[in-house]
Structures are given as C-alpha cells and as structure tokens.
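Peer 1: Supplied in structure tokens, the structure appears directly below.
Bear in mind that the values in this text are calculations on the coordinates, not laboratory data. Since the model is a prediction, treat every value here as computed from it, not as a measurement. Reconstructed Cβ throughout: ideal geometry from the backbone, glycine too, with neighbour counts over all protein chains shown.
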Amino acid sequence: MIVELKDVTKRYGTGPVSVTALADVELFVAPSEFVVVLGPSGSGKTTLLNIIGALDTASEGTVRVNGIDISLASRRELFEFRRTSVSFVFQSFNLFPALTAQENVQFGVDAAGSPLHPDDVLRSVGLADKLDRFPHELSGGEQQRVAIARALATNNPVLLCDEPTGELDFQTGIQILDLLQKQATDGRAVLVVTHNREISRMADRVVELSSGHVVSDGPPRGGKADVAELHW
Ligand code: ADP
Ligand code: MG
C-alpha cells in the first residue's frame with residue numbers, strides 16, 4: 001500500500017470550540033488504484049487530502065505514505081516527502097495568471113525530485129498547441145489540464161485531487177476524469193475527493209465520509225462503471 005492511514009483523528013482548536021474534522025479514519029490505497037472519497041461539504045475531505053499530502057498533521061493516528069511515516073517525520077524529511085511523493089490538483093486550478101501554460105508547469109516542477117519535461121506532459125494532456133497561452137486565454141477545462149500537467153510533471157507516485165471537476169461543465173468534467181483515470185492505469189495512486197456521488201461509480205473503490213467518519217469502504221455498488229457511462 002502506498003497510502004496507509006490508521007486511526008487518524010484530526011481536531012481543529014481546543015476545548016469547547018474544538019471541531020473533530022476526522023475521527024478514527026482508516027484508509028489504504030495501492031499503486032494503480034483509483035479511489036474516490038465521497039462526502040458532503042464539511043465531511044472532512046480536504047482535511048484528509050491535506051494530511052496525506054503532509055500539508056497538515058493528524059492529531060492522532062499513523063499516516064504512512066510512499067514508505068514514510070509522516071506522523072514521525074522531521075521537517076527536513078517532510079520537505080523531501082512533498083518534493084518526491086505527492087502532487088495536488090485543486091478545484092480552482094490555482095494557476096499563476098501571469099505565467100503561460102508552460103511556465104506554470106515549469107514552476108510546479110522546479111522543486112520536484114525527478115520531473116518530466118513540461119512540454120512533454122502538456123502534450124500528453126492535449127495542450128501541445130497551447131504551451132504559450134496564459135490562463136485567461138484557456139477554457140476552464142484547459143486550465144484544469146494545465147494544473148493536471150503541473151501535478152503529473154513532478155512524476156510523483158500519489159496524485160491527490162480536491163473536487164477537480166467542481167468548476168467544470170459536465171462534458172469537460174468527464175474528459176478530466178478520464179485523464180485522471182489514465183494516471184492510475186499508468187501506475188499512480190489517484191485519490192479524488194468529491195461530493196458528486198456519480199463520480200464514485202467509476203472508482204476502483206469508494207470511501208464514504210460522513211462528519212469525519214468513514215461509513216463505508218468498498219467497490220462501487222453496481223460495479224465499476226466506464227467514465228462514458230457517468231451522467232450528472
Ligand atoms: P470538506 O472538504 O469535506 O468540505 P473540510 O475538510 O474542509 O471538509 O472540513 C471538515 C470540518 O473541519 C468542517 O467542519 C470544517 O469547518 C472544519 N475545518 C476545516 N479546516 C479548519 C480549520 N483550519 N480550522 C477550524 N476548523 C476547520
Ligand atoms: Mg473541501
């Protein structure tokens with residue numbers, strides 16, 4: 001398993017105002033697995049991704065990702081971990097508006113351990129002819145492709161996606177999901193968090209979150225659907 005969370009609890013704040021964002025969460029993801037974490041707003045999805053990506057720390061429990069025990073790692077080890085193990089794709093793309101597609105990807109890999117060439121990755125996501133475009137000259141789907149290229153160019157084995165289709169129309173969303181699923185086929189562990197139940201149908205495994213608790217974990221009910229079968 002490349003991602004292993006055991007008894008992970010996350011509390012924000014202390015005393016009577018403390019919020020339990022995650023409670024005793026167990027989560028395991030293997031390389032090449034496409035896992036969807038499904039839950040409504042406030043159920044702890046972003047908190048979970050941030051903990052797996054070492055952008056936040058668990059209050060209790062063990063977090064092991066790509067062979068490193070994040071809960072015990074030093075600052076230096078965490079810095080190395082972020083460079084070489086995980087990549088993020090966000091709902092709102094988070095591109096730099098003053099940088100071209102190519103420069104956005106280049107910027108994202110400057111700190112990476114063994115990055116791929118930005119132009120090659122942009123080509124692989126279908127943006128060969130748009131390397132020099134600025135984000136405002138690209139559609140939403142194209143901007144998300146740049147963001148995915150930036151994540152893929154780091155060549156890291158775990159891809160963490162926070163509501164990656166949340167700002168896209170249905171058709172574009174499907175194309176992005178297809179692209180993300182290909183990354184799992186290529187050997188990455190892909191985690192997509194969403195409140196959209198339909199997306200969970202294409203997963204190898206669905207982990208349902210409710211108020212910070214994992215309430216179910218298994219293959220999608222009705223079997224794994226092809227991306228082309230999804231509709232919302
Ligand atoms: P989701 O991504 O599923 O919408 P979040 O992980 O963002 O959920 O939030 C889970 C819970 O933790 C919510 O109740 C939210 O208000 C709370 N929370 C998230 N981040 C913080 C924070 N930095 N400080 C206090 N509470 C937080
Ligand atoms: Mg969220």
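Peer 1: Whole angstrom only: what separates the Cα centroid of region 61-127 from the Cα centroid of region 143-179?
Peer 2: After rounding, the separation between the Cα centres reads 13 Å.
Peer 1: What are the extents of the Cα atoms of region 1-156 along their three principal axes, in Å, largest first?
Peer 2: 52, 31, 28
Peer 1: Can you sort Ser85, Ser32 from fewest to most other Cβ atoms within 10 Å of each residue's own Cβ? Don't jump to the answer; show the numbers that get you there.
Peer 2: Numbers: Ser85 23, Ser32 16.
Ranking Ser85, Ser32 by Cβ neighbours within 10 Å, fewest first, gives Ser32, Ser85.
Peer 1: In nm², what is the average projected area of the convex hull enclosing the Cα atoms of region 77-232?
Peer 2: 9.8 nm²
Peer 1: Out of all DSSP beta bridges in the chain, what portion is antiparallel? Express it as a percent rounded to 5.
Peer 2: The antiparallel fraction comes to roughly 50 percent.
Peer 1: When the convex hull of the C-alpha atoms of region 18-73 is computed, what volume per residue in Å³ does it have?
Peer 2: 92 Å³
Peer 1: Read phi for every residue in region 13-29 and hand back ³J(HN,Hα) as whole Hz from Karplus 6.51 cos²θ - 1.76 cosθ + 1.60, θ = phi - 60°, with x for Gly and Pro.
Peer 2: With the stated coefficients, region 13-29 comes to x, 10, x, x, 8, 6, 10, 8, 7, 9, 10, 6, 7, 10, 8, 10, 10 Hz.
Peer 1: When a footprinting reagent is the concern and you count Cβ atoms within 10 Å, what order do Lys45, Lys6, Lys130 take, fewest first?
Peer 2: Lys6, Lys130, Lys45
Peer 1: Sequence gap at least 6, Cα distance under 8 Å: using those rules, report the relative contact order of the chain to the nearest whole percent.
Peer 2: Across the chain, relative contact order equals 28 percent.
Peer 1: List the trypsin sites (Lys or Arg not before Pro) within region 172-232 that DSSP assigns to loop and that have no more than 11 neighbouring Cβ atoms inside 10 Å. Write out the running numbers ahead of the final one.
Peer 2: Values: sites: Lys182, Arg188, Arg197, Arg201, Arg205, Arg221, Lys224; in loops: Arg188, Arg221, Lys224.
The qualifying sites are Arg221.
Peer 1: Which values of log₁₀ I(q)/I(0), to two decimal places, follow from the Debye formula for region 86-172 at q = 0.11, 0.19, 0.21 Å⁻¹ with a uniform point scatterer at every Cα?
Peer 2: -0.25, -0.76, -0.94
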